[in-house]
Amino acid sequence: MSQDLLLQREPLPLVVPPVTLEGEAVRLEPLSPSHTDALVRVAEPGLFEFFHRMLRTREDVERYIADALEAAEEGVERPFVIIEKATGEPVGSTRYLEIQRRHRTLEIGSTWLAKRVWRTRVNTECKYLLLRHAFEELKVMRVQLKTDRRNERSRAAIERLGAKFEGVLRQHMLVRGGVVRDSAYYSILDGEWPEVKAGLEARLSASSREGTREEGR
């Protein structure tokens, strides 16, 4: 693209209201304190190795939900609980975050899943629902995703979505125990969404035909 060609978007403020997103295998519902007990049951050891906080106790989960709802009230995040439709049970959480009202961009992240749904369609379908809503309903111009530079499983999952690697933000944050984290950044732009969407729909269609198992997380 020529550097002389300037892209433009309507300068409308980005508003992200509560919403329920439904797919074939999962339903994303607004996170609430009523989900505490179920999330305590699936917050297994080892899930949060690369997170900045651990969820080990009921108190941890209560604080996690309270912080998420406070961020939602401030308009900078929109957290969801991930419901497995086959059982009706929560199997994790995800959210929109870094919501930039003025610039019409946001991030998808803070995603964690019970190990029993790893390598199923759950994560792919969650990301598909969130991306589709972001681009087609919220009309964002960019979605970013980030993860710990060392988290190869997460990086591979992001790359399978079709997101483009942008680089590593060095010494980006302190995580548990004061460990210095470098963050790998990826993004999908609104102009790239049709191709990304087609790829995700093909994967989900194949998953439906062959069962729910997928490679990776």
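The values are calculated or read from the model by the stated rules, or taken from the named source; none is laboratory data. Since we're looking at a predicted model, the values are computed, not measured. Ideal geometry is used to build each Cβ from the backbone, glycine not excepted, and the neighbour counts take in all protein chains shown.
Restricting to region 73-82, what's the tally of residues that are surrounded by fewer than 21 Cβ atoms within 10 Å (Cβ to Cβ) and at negative phi?
3
Quick check: is even one residue across region 124-143 of a type in the set (Asp, Glu) and out of contact with any Leu (no Cβ under 7 Å at 6 or more places or on another chain)?
Within region 124-143, one or more residues are of a type in the set (Asp, Glu) and out of contact with any Leu (no Cβ under 7 Å at 6 or more places or on another chain).
Which of the residues belonging to region 42-52 are under 15 Å from residue 117 (Cα atoms) and surrounded by 13 or more Cβ atoms within 10 Å (Cβ to Cβ)?
42, 43, 44, 47
Scan region 152-181 for residues that are surrounded by fewer than 19 Cβ atoms within 10 Å (Cβ to Cβ), touching a residue at least 40 places away in the same chain (Cβ under 8 Å) and not in a strand (DSSP E or B) and report the count.
Looking only at that region, the number is 4.
Take region 188-207 and flag every residue that is surrounded by 17 or more Cβ atoms within 10 Å (Cβ to Cβ), assigned to a helix (DSSP H, G or I) and of a type in the set (A, V, I, L, M).
Scanning region 188-207 gives 196, 200, 204.
Considering 97, 39, 55, which residue is without any contact (Cβ under 8 Å) to a residue 60 or more places away in the chain, touching a helix residue (DSSP H, G or I) at 6+ places or on another chain (Cβ under 8 Å), surrounded by 12 or more Cβ atoms within 10 Å (Cβ to Cβ) and assigned to a helix (DSSP H, G or I)?
Result: 39 is the single residue among 97, 39, 55 that is without any contact (Cβ under 8 Å) to a residue 60 or more places away in the chain, touching a helix residue (DSSP H, G or I) at 6+ places or on another chain (Cβ under 8 Å), surrounded by 12 or more Cβ atoms within 10 Å (Cβ to Cβ) and assigned to a helix (DSSP H, G or I).
For residue 185, all conditions in the list (1) outside any strand (DSSP E or B); (2) surrounded by 18 or more Cβ atoms within 10 Å (Cβ to Cβ) hold save one; what is the number of the exception?
(1)
Conditions first: (1) closer than 17 Å to residue 27 by Cβ; (2) assigned to a loop (DSSP other than H, G, I, E, B). Residue 50 passes all but one, so which condition is the exception?
Status for residue 50: all satisfied but (1).
Hey, residue 139 hits all of (1) outside any helix (DSSP H, G or I); (2) crowded, with 20+ Cβ neighbours inside 10 Å but one; which does it fall short on?
Single failed check for residue 139: (2).
Give 91, 76 a once-over and let me know the one that is in a loop (DSSP other than H, G, I, E, B) and at pLDDT 95 or above.
So the residue among 91, 76 that is in a loop (DSSP other than H, G, I, E, B) and at pLDDT 95 or above is 76.
If we keep just the residues of region 191-216 that are touching a strand residue (DSSP E or B) at 6+ places or on another chain (Cβ under 7 Å) and closer than 21 Å to residue 109 by Cα, which is modelled with the lowest pLDDT?
Only one residue fits best here, namely 214.
Just the residues that are under 21 Å from residue 166 (Cα atoms) and assigned to a loop (DSSP other than H, G, I, E, B), please, taken from region 100-136.
103, 104
Any residue that is closer than 26 Å to residue 136 by Cα, of a type in the set (Gly, Ala, Ser) and touching a residue at least 40 places away in the same chain (Cβ under 8 Å) - is there at least one of those in region 75-83?
Looking through region 75-83, at least one residue is closer than 26 Å to residue 136 by Cα, of a type in the set (Gly, Ala, Ser) and touching a residue at least 40 places away in the same chain (Cβ under 8 Å).
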